[in-house]
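S.K.: Below is one structure. I have some questions about it.
The values are calculated or read from the model by the stated rules, or taken from the named source; none is laboratory data. Source: prediction; values computed, not measured. Neighbour counts are summed over all protein chains in view; Cβ atoms, including those assigned to glycine, are modelled from backbone coordinates with ideal geometry. When the accessible area is computed, the model is the full protein with side chains, heavy atoms only, and any ligands, DNA or RNA have been set aside. Shrake-Rupley method; radii C 1.70, N 1.55, O 1.52, S 1.80 Å.
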Amino acid sequence: QAKSTPSRKPVGYQDAIVQELRLHLELAHCLPRAIELQEFALYFQPIVNTTELDEPIQHYEALIRWDHPIKGVIPPDHFIEIAEKSGDIIAIGYWVIHEVCRCLSQPSVPQNVGVSINLSPVQFKEEMLVQNIAKIIKSYGISTNRITIEITESSAMQDNQLTKEMFSEFHAEGFKLSMDDFGTGYSSLSYLLNFHFDIIKIDKSFIDNTLVDVQYEIIAQTVVKLAHDLKLTVICEGIETDEQYKMVSDWQADMIQGYLISRPKLWSEFY
Ligand code: C2E
Ligand code: MG
Ligand code: MG
Ligand code: MG
């Protein structure tokens, strides 16, 4: 019967959608239990000064993974959005803060080592978010100036006034603020000028595009200059090759992060 009424859509494509939806539902269903059982793992990726690659690592970005008992390690891109929709990101976010503190407070870790933590815009809506985070960090005896908060440009950030207040609260508590994934959104520049960031991270896709289209390099160089005029630190993400390292050094980018230096690893592999 199916043979006499052939579908116009390629079946493989439909299958892919159904499969993705099924995975989505499955993960959404498992998330609350995963939080309860703490099935997450935090990985850390070094961020190093462009001119001091051989110095001891002083800063890392914390990157979450879901250690699923059957599916194995699930990357954040597969579940953060789901957790944002369900609200589970709130609990996950606090787990991340605690885990970062647990790692930083190990005796073998130098006091000058800092960590960047990714924050979801959904977390902004939490009442007392900044105070709660600061309280947790201080309860471990860790200084808030060792922590950088990474925030991605996002359409969810419509409430400028509230966001600005949150930014000044973070600064008042001693945190640094970093604009993540610069160059991937539509309004990166206005966002940069409207909110008081300390650091910008130029996204990997931007670095990659310079190899395809020389215009990207001209824009990137201009962005680095602008950022420095605004007294911001510039980090280039996703540096994989010596060629890319040389390129962003020429731009005078302050710091780099990428597989060339290290993949994200467990804290125990560093300390
Ligand atoms: P992000 O914050 O922009 O993190 C950088 C991503 O680039 C990481 O992917 C990292 O593994 C990857 N990366 C770094 N260097 C290279 C490189 O040289 N080559 C390639 N191909 N990739 C590189 P990851 O760990 O899969 O994280 C993806 C995104 O998930 C993050 O992007 C961040 O937006 C989000 N995320 C991760 N952890 C958390 C978290 O704890 N909370 C929240 N809300 N979001 C998180
Ligand atoms: Mg980040
Ligand atoms: Mg990024
Ligand atoms: Mg990203």
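S.K.: With a sphere of radius 14 Å drawn around the Cβ of GLN19, what net charge do the other residues whose Cβ falls strictly inside it have (Lys, Arg +1; Asp, Glu -1)?
M.R.: Its environment carries a net charge of -1.
S.K.: What percentage of the solvent-accessible surface of the chain, computed with a 1.4 Å probe over protein heavy atoms, is contributed by carbon and sulfur atoms?
M.R.: Carbon with sulfur: 52 percent of the solvent-accessible area.
S.K.: Here is a further query. Could you tell me what percent of the DSSP beta bridges with both partners in the chain are antiparallel, to the nearest 5?
M.R.: Of all bridge pairs located within the chain, approximately 40 percent are antiparallel.
S.K.: So what is the accessible area of segment 187-271 per residue, in Å², with the probe set to 1.4 Å?
M.R.: Per-residue accessible area for segment 187-271 comes out at 52 Å².
S.K.: For the chain, would you read off the P(r) tail past 24 Å as a percentage of all alpha carbon pairs?
M.R.: Percentage above 24 Å: 55.
S.K.: Over segment 128-212, with a single point scatterer placed on each C-alpha, what log10 of the ratio I(q)/I(0) does the Debye formula yield at q = 0.16, 0.17, 0.19, 0.25 1/Å?
M.R.: With no solvent term, the Cα-only Debye profile gives -0.67, -0.74, -0.87, -1.22.
S.K.: In whole angstrom, and with the biggest value first, how far do the Cα coordinates of segment 156-271 range along each principal axis?
M.R.: 41, 41, 26
S.K.: May I pose another question? If I take every Cα pair under 8 Å that is 6 or more residues apart in the chain, average their sequence separation and divide by the length, what percent do I get for the relative contact order?
M.R.: Relative CO of the chain lands at 18 percent.
S.K.: Any lysines with Cα under 20 Å of the LYS225 Cα? List them, leaving off those in the same chain fewer than 8 positions away.
M.R.: Straight-line reach from LYS225, under 20 Å: LYS201, LYS204, LYS246.
S.K.: Kirkwood Rh over alpha-carbon pairs of segment 1-111, then Stokes-Einstein at 25 °C and 0.890 mPa s: what D in µm² s⁻¹, rounded to an integer?
M.R.: D, rounded to a whole number, is 143 µm²/s.
S.K.: With each pseudo-label sitting 7 Å past Cα toward Cβ, what's the GLU55-ASP15 distance in nm, one decimal?
M.R.: 5.3
S.K.: Not counting ligands, DNA or RNA, and with a 1.4 Å probe, what is SER86's accessible surface area in Å² rounded to the nearest 10?
M.R.: We get 70 Å² for SER86.
S.K.: Right, here's the next one. Students sometimes get this wrong: rank THR51, THR233 by accessible area, probe 1.4 Å, all chains present, largest first.
M.R.: Largest accessible area first, the residues go THR51, THR233.
S.K.: Okay, next question. Just need log10 I(q)/I(0) for segment 91-156 at q = 0.18, 0.20, 0.25 Å⁻¹, Debye formula, equal scatterers on the alpha-carbon atoms, no solvent, rounded to two decimals.
M.R.: -0.66, -0.80, -1.17
S.K.: Taking the mean number of other Cβ atoms within 10 Å as a proxy for protection, how do you rank 241-251, 65-75 from highest to lowest?
M.R.: In descending order of packing, they fall as 241-251, 65-75.
S.K.: Moving on to the next point. What is the Cα radius of gyration of segment 222-271 over 2.2 N^0.38 Å, N being its residue count?
M.R.: Normalised Rg, Cα atoms only: 1.33.
S.K.: Suppose R0 equals 22 Å. What FRET efficiency, 1/(1 + (r/R0)^6) with r the Cβ-Cβ distance, do ASP229 and SER154 give to the nearest 0.05?
M.R.: 0.30
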